[in-house]
Amino acid sequence: MAQVTLNGNTIHVDLPKTILQVAEEAGLFVPTFCNDKRLVPNGACRMCVVEVEGARSLVASCTTPAADGMVINTETPAVIDARKSVLELIWANHPNDCVVCDKAGQCKLQDYTYRYEVDIDAFKGAKRVSEVDQSNKFFYNDQNKCILCGKCVRVCDELQNTSAIGFSERGFHTHITHPFEEGMDKSVCVSCGNCVSVCPVGALMPKSKERFRNWEAKKVQTTCSYCGVGCQMNLIVKDNKVVDVEPVNDHSNMGLLCVKGKFGYSFIDHPDRLRKPMLKKHGVLTEVEWDEALDFVAGKIKQTRDVYGADTLAGLVSARCTNEENYLMQKLFRAGVGTNNLDHCARL
Amino acid sequence: MKSLAELEKVQQEVYRRINLRTLKGSYTVSVAMDDCGMAAGARQVLLTILDEIDQQGLENIRVVQTGCLGDCKLEPVVEIFQEGHPKTTYIQMTEEKARQIVKSHLVQHQVVEASTIGSNKK
Amino acid sequence: MSLFRSHVLICGGTGCTSSSSDKIEERFKELVAEQGLDQEVMVVRTGCFGLCEEGPICIVHPEGSFYSRVKIEDVDTIVSEHLMKGRVVTSLLYRDKLAPPEHQLATSFSEVTFYKMQHRVALKNCGVINPEVIEEYIAYDGYKALGKVLTEMQPADVLDAVKKSGLRGRGGGGFPTGIKWEFAAKTEGPIKYIGCNADEGDPGAFMDRSILEGDPHCLIEAMAIAGYATGAEKGYVYIRAEYPIAVKRLKIAIEQAKEHGLLGRNIFGTDFSFDMEIRLGAGAFVCGEETALIASIEGERGMPRPKPPFPAHKGIFGKPTVINNVETFANVPQIILKGPEWYASMGTEKSKGTKVFALGGKINNSGLIEIEMGTKLRHVIEDIGGGIPKGKKFKAVQTGGPSGGCITADHLDIPIDYDNLISLGSMMGSGGMIVMDEDNCMVDIARFFLDFTVDESCGKCVPCREGTRRMLEILDRITEGKGEMEDIDKLERLAKNIKSSSLCGLGQTAPNPVLSTLRYFRTEYEAHIVGKTCPAGVCQALLTYVITDACKGCTLCKKVCPVGCITGEVKGLHHIDPDACIKCGACMSKCPFNAIIKK
């Protein structure tokens, strides 16, 4: 048990922890762009700087370990000015288009700028100008808005293990790109969208068909229905339509999704999606009620079994169903129909 | 190199060959060369002195060359300098005399009076 | 090697090589062979003598005749006159202007004032031995320290000696070397590394280059000693690719050391083994920062990493690593042989030993010098450096390169050491000293250094990547006459924040040249902003070219002007139209009467 003084209050902490962890657990607010609990701390954005008594300069709380007896202050004038400076500098290289930006309302840059009352026109000088990379079907990369926090690169390296995206050039010309600047579609990118989920600003954004403001939508947590992992996700719903998906940080998926979970939601409201069972009547597919449909299916199964034998039937289940549903299905076929012919999409 | 002793052996051998680059020298032997000296055989005297020094295993001797000292009929001339002592000037040097002077003056610290310029003033 | 009567030492450092010292060496060898002297005269290529202003340099031993600014044609003369006839060629000797008039001909190398005022420890062998012959290094006590350490000392004794000596990192950080080695020694192994930082990115710095080109074995020996003291069996030398001669000499040295069993398994018959590998840099100043250097060796993008963990605990490939600068290592063998007390007897209380400095800029004796810590700056500039050329007035000296600051005439009497320089707003850095005179504009100097830092920033953190660029933009505007008074406040605030919140040393020290010049030369900044003039006459945009009364009306300027902005009749006073003038300076260089001035 160690003792640390945080903004004048002495508290006890269990080490090893970083100053950021200690501060957050104590309920204090510390701004961060590049920090993520799942990633190795990077210390790139310098927003989380705090004052530690006796240190040579301000320290990044995300990478500095807390020590017994440390005296920490998270909101001194020097700290605030340093953070304001970081924000002013980011704005000097960022388009001033919050009004039309899709990230508005869920953008950390916007939030911190408001909180620290930053003058976004403090520096007028050269700006990086790049073309938006639209080569991926599901999301785009607008480097004009990138603040180079590096989270996208680290997620792809450390968690996704694909390493499709990285830093290129140095200094003022640094930007995020794919090997040899050949664009997303020519890289090993698997379109999992985890970089999109982790981007704090509007640089990596999904290509939504609907335009919406984040305050017009609500979040509904659910389990992804595509496979057996059971990733937790929030469906972003506007006017009863799913317009976006974001991962939830849970045991099963650690805040990661795959391309299906992240971008494969358009089937929900697709015009071609069947909303009622259909039966062919007089050669024409006609909508019927569930009772009629199920009676028909049960009848046909029994008929086939009686005439041709139980083993002429097989049950195919999938990861789209829950474990419980798959259990019932195989019970139905083994005990009800009388055959062991069962298979699953995962094996195929 | 398997041992420190081997290293020391190489060190001593090579140092003898190249130490003239840094040597201050307890003695400086200056051989006058130039056209007159060379004509009288100063180069051979120089090489003989070097050889005798090597054979005697002497260290700390600087052997330098200079240009004409003026008294050309006394060539080859060799001067020996030692700090705190007046210089000794040997004249009409031969290879034999050179070896004798090395053994006497540099090893036994005894001037060979008979070969000096002083004894020439008759 | 038989007993040669004369050794001709020719400087083979990069500076003299670029002035064809390699061809001079060839010519010497040719002529010596032709005259049948090749058993009597040894022609040797050595490392940097340090007096680079006077290169190419040749020294004939044992006389110590110091021939300077040697041309290929001169070789014939030296061979026929000096080597054959013993007649020193006085017309080619270096003129020691620091000596009294009767003793100005440099007939004896050890008497040359430039060298008498120095104390060469790290540079001990540079200019003395042939760096490509290991036996010559051995002759001057080479590898004796390693032998002593392996046969007579325990690792703890070595750590003790280095700590007692007071040796501090010579790369700029000034961290006590013995303590750094001890951290690594105390961290659990079994794999540890010794790293050498030979990236030397500071513009104008070539201390490490000279040591590597002139005495590469001292680095090998020191790294092996460090390996023994800390428990490491492998060393990496990270050397910038822009030093091809140094790389070549180091490669040869490593091979020769291996051949002689002084590197590799069971050195000196003990159970200590040490191996070394060279890794080339790829043109990034930031890779001189130790964590970026480690990243580069690991094959990653050269970006610094947060500290802690420190390299001594977790370094190359995550193993405990000691990273030291070349010059730091170069002092180690002598500390072992002569004892730490000898080393600690030199220097000041907190800065022991000697330091190599690279003198550049407006100074008569530009080149490399090594002096005891605590030497007064004035002595370095006026005495050893020979003062400012053309009788100009000293203005400031920049120490520490792009991370340092300038020191003015008021502080020339400070003893040079780590803490004194920091208290003046500068730093020791790796040892670069750029001298400036009345014709240098301090705002332009700050802009020059910032331009370098902006280009070299790795891009990882916001304050450095974006902040230095914005500082440069402000300085650009000031030097173009578009500055405003609030720009100074902006610069100061930005500098303060960049310094306090950057991730690594590059960002943390990048604002120093600006802060330092603002501290001592604020009036110059104000002249640029308010008066729209450049007092030193450097910033082109603020200068006007004017034709004075000395004009004789020869019309040469009018003919050479590319934009036709000069009017005037033959034999009449000519006039430049300031609005049309593009300030190319062609007229000024053409005028035979010096009638055109800039103001």
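The values are calculated or read from the model by the stated rules, or taken from the named source; none is laboratory data. Since the structure is predicted, the reported quantities are computational estimates derived from the model, not experimental observations. We place every Cβ from the backbone using ideal geometry, glycine too, and count neighbours over all the protein chains shown. Surface accessibility is based on the protein's heavy atoms, side chains included, excluding ligands, DNA and RNA. Shrake-Rupley method; radii C 1.70, N 1.55, O 1.52, S 1.80 Å.
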Projected-area average for chain A over all orientations - Cα convex hull basis, square nanometres: 24.6 nm²
Return a whole-number percent for the relative contact order of segment A:2-75, with Cα pairs under 8 Å and 6 or more residues apart as the contact set. 42 percent
In segment C:344-442, which trypsin sites (Lys or Arg not before Pro) fall in coil by DSSP and have 15 or fewer other Cβ atoms within 10 Å? C:Lys350, C:Lys392, C:Lys393
Please identify every one of the trypsin sites (Lys or Arg not before Pro) in segment A:190-251 that sits in a loop by DSSP and has no more than 10 other beta carbons within 10 Å of its own beta carbon. A:Lys209, A:Arg211
The base-10 log of I(q)/I(0) that the Debye equation returns for the protein assembly as shown at q = 0.07, 0.08, 0.09 Å⁻¹, one scatterer per C-alpha, is -0.81, -0.97, -1.13
Which value results when the Cα radius of gyration for segment C:544-598 is divided by 2.2 N^0.38 Å? 0.94
Per-residue average of other protein chain Cβ atoms inside 10 Å, peptide A:80-86 -> 5
For chain C, the longest principal axis of the Cα atoms and the Cα long axis of helix C:468-479 enclose an angle in degrees, to the nearest 10, of 40 degrees
Most mobile of A:Asp68, A:Asp295, A:Asp133 in a GNM of chain A (Cα contacts under 10 Å): A:Asp295
Using the alpha-carbon centroid of each, what span in Å lies between segment C:236-258 and segment C:155-185? 24 Å
Partner aspartates and glutamates whose C-alpha sits under 19 Å from that of C:Lys395, ignoring same-chain residues fewer than 8 away, are C:Glu382, C:Asp383, C:Asp410, C:Asp413, C:Asp437, C:Glu438, C:Asp439, C:Asp444, C:Glu524, C:Glu526
How large is the helix-only mean residue ellipticity at 222 nm for chain C, computed as the sum of -39500 (n - 2.57) over DSSP H runs with n ≥ 4, divided by its residue count, in deg cm²/dmol to the nearest 500? -10000 deg cm²/dmol
Could you sort out which of C:Lys29/C:Lys97; C:Lys164/C:Lys251; B:Lys24/C:Lys124; A:Lys276/A:Lys300 sit more than 22 Å apart by Cα distance in this structure? C:Lys29/C:Lys97; C:Lys164/C:Lys251
Scanning chain C for GluC sites (Glu not before Pro) in DSSP loops with at most 14 other Cβ atoms within 10 Å, what's the longest stretch left with none? C:1-187
Relative contact order of chain A, please, whole-number percent, based on alpha carbon pairs below 8 angstrom and at least 6 residues apart. 10 percent
Segment C:428-503: trypsin sites (Lys or Arg not before Pro) falling in loop per DSSP and having at most 14 other Cβ within 10 Å: C:Lys482
About the Cα centre, charge dipole magnitude for the protein assembly as shown (Lys/Arg +1, Asp/Glu -1 at Cβ), debye: 1600 debye
For segment C:497-516 and segment A:192-239, what is the centre-to-centre distance using only Cα atoms, to the nearest Å? 40 Å
Express the carbon and sulfur contribution to the solvent-accessible surface of segment C:149-281 as a percent, rounded to the nearest whole number, probe 1.4 angstrom. 51 percent
Per residue of C:301-311, other chain Cβ atoms within 10 Å number on average 3
Charge dipole (chain C, unit charges on Cβ, about Cα centre) - positive-most of C:Leu337, C:Val570, C:Gly405: C:Val570
Charges at C-beta only: +1 for Lys and Arg, -1 for Asp and Glu. How large is the resulting dipole of chain C about its Cα centre, in Debye rounded to 20? 1140 debye
Tabulate in residue order the Karplus-calculated ³J(HN,Hα) for segment C:509-514, using 6.51 cos²θ - 1.76 cosθ + 1.60 with θ = phi - 60°, rounded to whole Hz; enter x for Gly and Pro. 10, 4, x, 4, x, 5
Note the full-extension length gain between A:Asn9 and A:Val220 as 0.36 nm times their separation in residues minus their Cα-Cα distance, in nm to one decimal. 72.1 nm
If you take the square roots of the eigenvalues of the alpha-carbon gyration tensor of chain C and sort them as a ≥ b ≥ c, do you get rounded (a/c under 1.5), prolate (a/b over b/c) or oblate? oblate
Just to be sure I understand: if you take the accessible area of chain C alone plus chain B alone and subtract the pair, with a 1.4 Å probe, what total do you get in Å², rounded to 100? 3300 Å²
Using Cα centres only, tell me the gap between segment A:266-302 and segment C:1-80 in whole Å. 100 Å
Longest exposed-site-free window of chain A, the sites being chymotrypsin sites (Phe, Trp or Tyr not before Pro) in a DSSP loop that have at most 11 other C-beta atoms within 10 Å: A:30-266
On a 0 to 90° scale, report how tilted helix B:4-18 is relative to the longest principal axis of chain B, with both axes built from alpha carbons and the result rounded to the nearest 10. 20 degrees
Per the C-alpha gyration tensor (a ≥ b ≥ c, the square roots of its eigenvalues), segment A:280-344 is rounded if a/c is under 1.5, else prolate if a/b beats b/c, else oblate; here it's oblate
Give the relative contact order (percent, whole number) for segment C:446-598; include only Cα pairs under 8 Å separated by 6+ residues. 19 percent
SASA check, A:Val153, accessible area w/ 1.4 Å probe, all protein chains in place, rounded to nearest 10 Å², comes out at 10 Å²
Let me spell out the model: positive unit charges on the Cβ of Lys and Arg, negative unit charges on the Cβ of Asp and Glu, origin at the Cα centre of chain A. What dipole size does that give, in debye rounded to 20? 780 debye
The answer for the net charge of residues other than C:Arg305 whose Cβ lies under 15 angstrom from its Cβ, with Lys and Arg +1 and Asp and Glu -1, is +1
Using alpha carbons only, how many degrees (0 to 90, rounded to 10) separate the axis of helix A:77-91 from the longest principal axis of chain A? 60 degrees
Pseudo-spin-label distance C:Glu73 to A:Ser168, built 7 Å along Cα→Cβ, given in nm, is 5.5 nm
Pick out, from B:Ile101, A:Thr10, A:Ala310, the residue whose Cα sits farthest towards the positive end of the charge dipole of the protein assembly as shown, with +1 on the Cβ of Lys and Arg and -1 on the Cβ of Asp and Glu. A:Ala310
Grab the other residues whose beta carbon is less than 10 angstrom from that of A:Ala217, score K and R as +1, D and E as -1, and report the net. +1
Residue mean of other protein chain beta carbons inside 10 Å, B:4-16: 6
As I understand it, the dipole of chain C uses +1 on the Cβ of Lys and Arg and -1 on the Cβ of Asp and Glu, about the Cα centre. Which of C:His313, C:Ser80, C:Gly459 lies farthest toward its positive end? C:Gly459
